[in-house]
Structures are given as structure tokens and as C-alpha cells.
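Engineer: One structure is given below, represented as C-alpha cells, and several questions about it will come after.
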Amino acid sequence: MTDNDPADLLPNDRVKQAALDGEVTQLHRGNQYGEEGETFEIDGVAFELVEVTERTLGDMTDEDAKREGSPSLSAYKERMVRAHGGNFEWDDDADVVRHRFERAE
């Protein structure tokens, strides 16, 4: 069991809206925010974590970037630098956790 609440997985209102719109279906984060099968809600809509996998940034692909709302891995990397106020260096060996989610039925 993790110490983080799955409801805290999505970091801001833009990402929450993108998840509601189906544009974001996974996020890589530095910590684990729940276990497979756990649920969270955004504006009354339930989502389920369907896969929680430990990876490195170097494992990420263009497909991963698209699932996170970016058109390519290159664009995703640029977005991460902006999101972290310029204080972010891409390190292929950095440990991250991929959280895939979908609307719960």
C-alpha cells in the first residue's frame, strides 16, 4: 500500500480536465499514487488505476507522451522543463512510476 492518495495523482486543473476529456490516460510521477484497482474521482467521475509500473524516464516512448497529452516525447520533455520552472533535467536513469487509468464503469 502506498502513502499517497490516488486523488493526488493529477497535479493541476489542466491535467484533471484533460483526463476528463480523455486526452490524458496516464501519468509518470516520481512517487507511486496508489495500487492497481484503486479508484479516484474528478468532478464526480470515477477513474480506476489499471496499471502501476516502476520504470525509468529512459523507458518512455512517443506513445507514453501521447497518453500524457503531448504530441511526442520531445514535446513532453520540453513541457516537463516548463512545468518545473526550468529546474528539470531529463535523466534517462531517473526512477518514475507510470500510472495508467481509465474511467470506471
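The values are calculated or read from the model by the stated rules, or taken from the named source; none is laboratory data. The model shown is predicted, which means the values in this text are computed figures rather than measured ones. Cβ atoms come from the backbone with ideal geometry, glycine included; neighbour counts cover every protein chain shown. Remember, those area values only see protein heavy atoms, side chains included, never the ligands or the DNA or RNA. Shrake-Rupley method; radii C 1.70, N 1.55, O 1.52, S 1.80 Å.
Engineer: How large a share of the accessible area of the chain, in percent, is made up of carbon and sulfur atoms when the probe is 1.4 Å and the other protein chains stay in place?
Structural biologist: 39
Engineer: Next question, about the same structure. How are the C-alpha pair distances of the chain spread across 5 Å bins, as whole percents from the shortest bin up?
Structural biologist: So the P(r) values, bin by bin, are 2, 13, 23, 27, 20, 11, 3, 0.
Engineer: Please state the charge dipole magnitude for region 2-90, taken about the Cα centre, from unit charges on C-beta atoms (+1 on K and R, -1 on D and E), reported in debye and rounded to the nearest 20.
Structural biologist: 520
Engineer: Once you place label points 7 Å from the Cα toward the Cβ at residue 54 and residue 88, how far apart are they in nm?
Structural biologist: With each label placed 7 Å out from Cα toward Cβ, I get 2.3 nm.
Engineer: Working out 0.36 nm times the residue gap between residue 13 and residue 77, then minus their Cα-Cα distance, what length gain in nm do you get to one decimal?
Structural biologist: Extra length from residue 13 to residue 77 when fully extended: 21.0 nm.
Engineer: Sticking with this one: Taking only protein heavy atoms and a 1.4 Å probe, what accessible area per residue, in Å², does region 6-103 have with all protein chains in place?
Structural biologist: Per-residue accessible area for region 6-103 comes out at 55 Å².
Engineer: Under a GNM of the chain (C-alpha, springs under 10 Å), which listed residue has the highest mean-square fluctuation: 37, 85, 58?
Structural biologist: Among 37, 85, 58, the largest GNM mean-square fluctuation belongs to 85.
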